[in-house]
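The values are calculated or read from the model by the stated rules, or taken from the named source; none is laboratory data. Please read these numbers as outputs of a predicted model, since none were measured by experiment. Glycine also receives a Cβ, built like all others from the backbone with ideal geometry; neighbour counts cover every protein chain displayed. What goes into the accessible areas is simple: the full protein's heavy atoms, side chains included, and nothing from ligands, DNA or RNA. Shrake-Rupley method; radii C 1.70, N 1.55, O 1.52, S 1.80 Å.
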Amino acid sequence: ISGKSVNINLLRLDLRKVRLDVVHAMDAAIGTEKTSSIATRHGAFAAINAGFFRLDKSVWAGEAAGILKINGSLLSESEKNRSAIFISNTKLRTNVSFERITIVSSLKIGEKETPISGINRERKLNDSILYTPEFGRTTLTALDGMEVVVKKGVVQAFKNNAGNSTIPRNGYVVSVSG
């Protein structure tokens, strides 16, 4: 329509002979990076920018807009019933499928159960967010919430009117506001 030419490059792959690996910018749950830089760091033959993510000037830039699970670690929840691509590598071949998935999770301490509304993303009003070590060193949250720090499956701290808690390498933090 604009009169400008469009270049399309195609790469045909035999999934019995190649591996498809999913990686995120900066090898973390948030952050942005050029696709060529990621490919170089991981020694890739070819690479594509295949996801949708938050692109703004905030510290949250690069946050996945849908479900993202890499090497068994869930980095982002499903959102708006978006479809997802599943890639798994076996010794014999790479398997690819497309699905829709919804994650329902909660934190239960004693008899009190709180639904988890998100994973590794910006905490907003009336949110409860799970922060895993893949997110980074701290939660980057404001000081107006409550945070539960869990290490090796044991609650280490309840922090009221707190934020920006350190995320244990062998644990997680649940941050709640509102």
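Things worth noting here:
- Subset of the stretch 128-151 [in a loop (DSSP other than H, G, I, E, B), farther than 13 Å from G171 by Cα and open to solvent by less than 20 Å² (accessible area, probe 1.4 Å)]: T141
- For the stretch 24-36, a residue qualifies if it is open to solvent by 50 Å² or more (accessible area, probe 1.4 Å) and either among the aromatic types (F, W, Y) or out of contact with any helix residue (DSSP H, G or I) (no Cβ under 6 Å at 6 or more places or on another chain) (or both), and the qualifying residues are M26, D27, K34, S36.
- Residue that is farthest from S105 (Cα to Cα), among those in the stretch 74-89 that are of a type in the set (S, T, N, Q) and assigned to a loop (DSSP other than H, G, I, E, B): N81
- Checklist (1) open to solvent by 60 Å² or more (accessible area, probe 1.4 Å); (2) part of a loop (DSSP other than H, G, I, E, B); (3) within 23 Å of G163 (Cβ to Cβ); (4) not polar (S, T, N, Q) applied to W60, failing item: (1)
- Test: residue in the stretch 78-90 that is at pLDDT below 90, out of contact with any Cys (no Cβ under 8 Å at 6 or more places or on another chain) and open to solvent by less than 50 Å² (accessible area, probe 1.4 Å): yes
- Residue in the stretch 100-127 that is surrounded by the fewest Cβ atoms within 10 Å (Cβ to Cβ), counting only those that are assigned to a loop (DSSP other than H, G, I, E, B) and within 15 Å of the chain's Cα centre (by Cα): T102
- From the list D21, D14, the lone residue that is assigned to a loop (DSSP other than H, G, I, E, B), farther than 18 Å from L130 by Cα, under 17 Å from the mean Cα position of the chain (by Cα) and acidic (D, E) is D21.
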